[in-house]
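The values are calculated or read from the model by the stated rules, or taken from the named source; none is laboratory data. All of these numbers come straight from a predicted model, not from anything done at the bench. Here the Cβ positions follow ideal geometry from the backbone for every residue, glycine too, while neighbour counts run over all protein chains shown.
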Amino acid sequence: MASRRIQERRAQHQRYKKDVEREGKAFFPHAMFHDTVMSLVVVGVIIGLTCVWYFTAEGSDDPGWLGPHYTEEADPGTTNFVPRPDWFFYFLFYLLRIFKWPDTVVLGTVGIPNILLAILIALPFIDVRRERRLSRRPVAIVAAVVVVLAMGTLTYRGATAREALGSELLEAVPVWAARQGFEDNAKAVEGAEIYAQVGCGQCHIYLGSGSSNLGAPELSDIGASGRSPQYFADYVANPAQFGNEVMPPFAGLGAENLERLGEFLAASKGPKE
């Protein structure tokens, strides 16, 4: 059976070579000319769009047709900026929301993309039929449609996914204080506001707000451990001294802000309702 398949493939290859000799065109100059023309078209489109962007916009106030020349200068001290990937990585970006750290994240970052890539590479060697009519390739058509729908859905969800912005978390502080029962503790409320503004919600979840990254624990009931506000202040200032090499130090917040942040964490013993 195997030898007959090999003979059929060899016969198909010989017929293919004869067809090319009889009807085909040499790569040079025919195919190279087509590739060169298409490359020039692509470069021309890029140059044309660049010209449209440059000549229809002015400065930072006039967006023109394709956006302004520049916007506000970047603020290295911002706490509200949420880095996001380019649009063609939105599907992978959203996969990281489905597969959580640390248990299943390897599936979303290594497993699924590499398995699909391996299948794509192996496909020409698996499917060696000469048939190319769509009506006679139902499996390939269904697989292509599923891939397009999956990629499109993940890209859309990744593009519309909301992150934990400092301004949004800041609005939630009164709700946190009421649910946790520290609304009368001024230092804890101020510490919650600091938590919301310095970007803690990028890695931690607090009462359903924020996002879990790099194995950071949920902090809704962190105070139930019974540790003192000073312990939490020291921990946030320099996590490495407690064996946490992942979390960056926040000693730059200053002793006063760290004291308030520690008070907030110590008062977070879980919702009262």
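Quick look at the values:
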quantity	calculated
Some residue of the range 46-68 being under 29 Å from TYR156 (Cβ atoms), surrounded by fewer than 10 Cβ atoms within 10 Å (Cβ to Cβ), of a type outside the set (Gly, Ala, Ser) and modelled with pLDDT under 85	no
Yes/no for VAL128 being in a helix (DSSP H, G or I) and either modelled with pLDDT under 85 or farther than 30 Å from GLN202 by Cα (or both)	no
Pairs where the first residue, in the range 164-177, is part of a helix (DSSP H, G or I) and the second is modelled with pLDDT of 90 or more, C-beta under 6 Å, 6+ apart	VAL173/ALA192; VAL173/GLU193; TRP176/ALA192; ALA177/VAL189
Index of the failed condition, PHE182 passing every other in (1) in a loop (DSSP other than H, G, I, E, B); (2) touching an Asp or Glu at 6+ places or on another chain (Cβ under 9 Å); (3) surrounded by fewer than 20 Cβ atoms within 10 Å (Cβ to Cβ)	(3)
Single condition GLY152 does not satisfy, out of (1) assigned to a helix (DSSP H, G or I); (2) of a type outside the set (Phe, Trp, Tyr); (3) surrounded by 13 or more Cβ atoms within 10 Å (Cβ to Cβ)	(3)
Checking ALA237 against (1) surrounded by fewer than 17 Cβ atoms within 10 Å (Cβ to Cβ); (2) in contact with a helix residue (DSSP H, G or I) (Cβ under 8 Å, 6 or more places away or on another chain); (3) among the small types (Gly, Ala, Ser), the condition it does not meet	(1)
